Amino acid sequence: MLQIFGAGLVFKCDENFSIIHNGAIAFEEGQDSIIKVGDYKELCALYPHAQRTFLPNGVLLPALINAHIHFEFGAHFAEFSYGDFGVWLDSLMQKRDALLGDGIESIITQGIKEQVEAGVGSVGAISSYGNDMLPLAKSPLRVVYFNEAIGSNPSAIDFLYKNLISRLEESKTLASSRFIPALALHSPYSLHPIMAQKLITIATQENYPLSAHFLESSHEREWLTQSSGYFKGFFQRLAGLESLKSFYTPQSFLEMLSPIKHLSLTHCLYITEEEARLIDKLGGAIITCPRSNRLLNNRFFPHKLIRHTDIPLAIGTDGKSSNNNVNLLDELRASLYAYPNEDMNKLACRLILSATLYGAKALGLNNGTLQEGKSVDFALFDFIKPLVSQGEALSRSALHFILHSQKPSRLYINTKAVL
Ligand code: BEZ
Ligand code: FE2
């Protein structure tokens with residue numbers, strides 16, 4: 001059955017943030033490829049037998065993409081200390097075991113529900129333990145499933161590598177167009193280069209997306225460039241870890257990632273312009289998590305660092321250990337207030353692209369934009385009134401969308417109705 005979904009405003013989420021007034025998309029049920037995007041009436045004339053849905057006050061846009069989320073962290077309430085990355089990491093290490101106690105299933109299910117109810121269709125899920133694998137594979141979400149490796153102690157490499165490979169193998173048995181196995185290197189300060197190199201080789205051979213946290217804190221920058229500061233004490237305290245020199249410089253870590261095709265680096269709060277140029281050269285994407293960055297590092301990603309590059313800037317919520325919730329619409333709203341010197345309407349358009357077009361680029365997905373041939377992943381939000389009145393510029397609707405969107409009335413992922 002051919003379907004037409006339309007709305008008073010359609011955010012195509014192409015590079016120019018084109019908006020169609022009274023637009024629509026057409027697709028065939030069960031076929032994950034948009035057939036046509038255009039004027040609602042024209043599509044109805046073109047496909048007179050199609051089933052139609054049209055919301056005059058609505059906004060139709062690609063299903064949102066939460067490019068960086070940890071579903072496994074959430075079994076805590078008001079537990080951590082914020083305001084400085086070192087203070088936070090110390091509080092996390094103290095409570096690490098308690099965080100993965102009973103009820104992990106329901107925490108993950110709740111996280112998935114939060115995604116769907118915010119209009120998120122795809123996630124970049126960073127998995128530390130594999131507890132989220134089955135719930136995510138069974139969920140309606142499109143998932144890039146990043147099996148994450150961590151561990152700086154050389155004597156633990158064999159064990160950690162075997163554990164990682166068994167998680168990866170299990171995720172491969174679940175692979176589908178909606179569940180894409182991938183690899184993550186936790187960060188340059190926390191992963192031994194032998195392990196990192198092995199994983200980069202696998203990701204290159206198998207063409208897996210690869211992600212890493214990178215230069216999230218000033219402490220990390222100091223450690224990578226001078227082997228001093230907070231992390232020096234951290235590694236001295238961490239039993240059995242005598243690693244008193246950084247494994248990498250920022251540059252050597254990035255250069256090691258050069259064979260990766262779908263590379264994403266999360267946070268990058270403390271990169272230099274030169275490192276941004278190198279990320280650009282590698283074809284990498286940056287994923288920013290604004291609320292997490294404010295809580296842990298008192299900083300938001302400086303947009304000027306990538307102004308003269310082609311780096312896609314995607315957005316994510318990070319996990320609940322560094323956020324109050326994992327609602328991507330709340331993340332967009334918070335981001336509006338993070339850049340008081342930028343033009344509000346332009347910023348709003350760019351933020352929506354971070355959560356759609358650039359999220360897809362970061363994760364290597366064929367969605368994030370409403371265009372012929374793209375996946376049928378879309379959200380339809382309804383409002384009590386149109387976001388733009390007669391005679392007003394359509395582009396003002398991006399800001400109002402971010403301010404007022406709560407829960408989509410329809411969400412389709414992989415041509416299937418989820419809401
Ligand atoms: C480790 O397991 O080696 C590690 C964990 C957290 C931060 C840094 C290192
Ligand atoms: Fe993270």
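Within region 190-208, if we keep just the residues that are under 23 Å from the mean Cα position of the chain (by Cα) and within 16 Å of ligand 1 (Cβ to nearest atom), the residue that is farthest from residue 170 (Cα to Cα) turns out to be 190. When region 345-402 is filtered for residues that are farther than 19 Å from residue 209 by Cα, small (Gly, Ala, Ser) and not assigned by the TED database to the domain that holds residue 284, the ones remaining, listed by number, are 373, 379, 389, 391, 393, 395, 397, 398. Only one of the numbered conditions (1) aromatic (Phe, Trp, Tyr); (2) modelled with pLDDT under 95; (3) in a strand (DSSP E or B) is violated by residue 77, and that is (3).
Being within 24 Å of residue 207 (Cβ to Cβ), at pLDDT 95 or above and either assigned by the TED database to the domain that holds residue 70 or more than 16 Å from ligand 1 (Cβ to nearest atom) (or both) is a property that holds for residue 279.
Quick check on region 352-370. Is at least one of its residues within 15 Å of ligand 2 (Cβ to nearest atom) and without any contact (Cβ under 8 Å) to a residue 40 or more places away in the chain? Looking through region 352-370, none of the residues is within 15 Å of ligand 2 (Cβ to nearest atom) and without any contact (Cβ under 8 Å) to a residue 40 or more places away in the chain. Residues considered: 171, 258, 211, 187. Of these, the only one that is crowded, with 17+ Cβ neighbours inside 10 Å, within 22 Å of the chain's Cα centre (by Cα), away from ligand 1 (no atom under 16 Å from the Cβ) and not in a helix (DSSP H, G or I) is 211.
Cβ separations smaller than 7 Å between residues 6+ apart or across chains give the following pairs from region 152-180 residues that are farther than 23 Å from residue 141 by Cα to residues that are more than 16 Å from ligand 2 (Cβ to nearest atom) and charged (D, E, K, R): 161/198. Checked against (1) within 16 Å of ligand 1 (Cβ to nearest atom); (2) exposed (fewer than 15 other Cβ atoms within 10 Å of the Cβ), residue 252 passes all but condition (1). Hey, among the residues in region 145-195 that are more than 16 Å from ligand 2 (Cβ to nearest atom) and in contact with a Lys or Arg (Cβ under 6 Å, 6 or more places away or on another chain), which one's nearest to residue 125 (Cα to Cα)? That would be 181. The helices (runs of 4 or more DSSP H) located wholly in region 305-411 that include 2 or more residues which are out of contact with any helix residue (DSSP H, G or I) (no Cβ under 8 Å at 6 or more places or on another chain) occupy 344-354, 357-363, 397-404. None of 305, 296, 224 is away from ligand 1 (no atom under 14 Å from the Cβ) and buried (at least 16 other Cβ atoms within 10 Å of the Cβ) except 305.
When region 111-160 is filtered for residues that are assigned to a helix (DSSP H, G or I), within 19 Å of residue 325 (Cβ to Cβ) and among the charged types (D, E, K, R), the ones remaining, listed by number, are 113, 114, 117.
The values are calculated or read from the model by the stated rules, or taken from the named source; none is laboratory data. Please read all numbers here as calculations on a predicted model, not as lab measurements. Cβ sites come from the backbone with ideal geometry, for glycine too, and all protein chains shown count toward neighbours.
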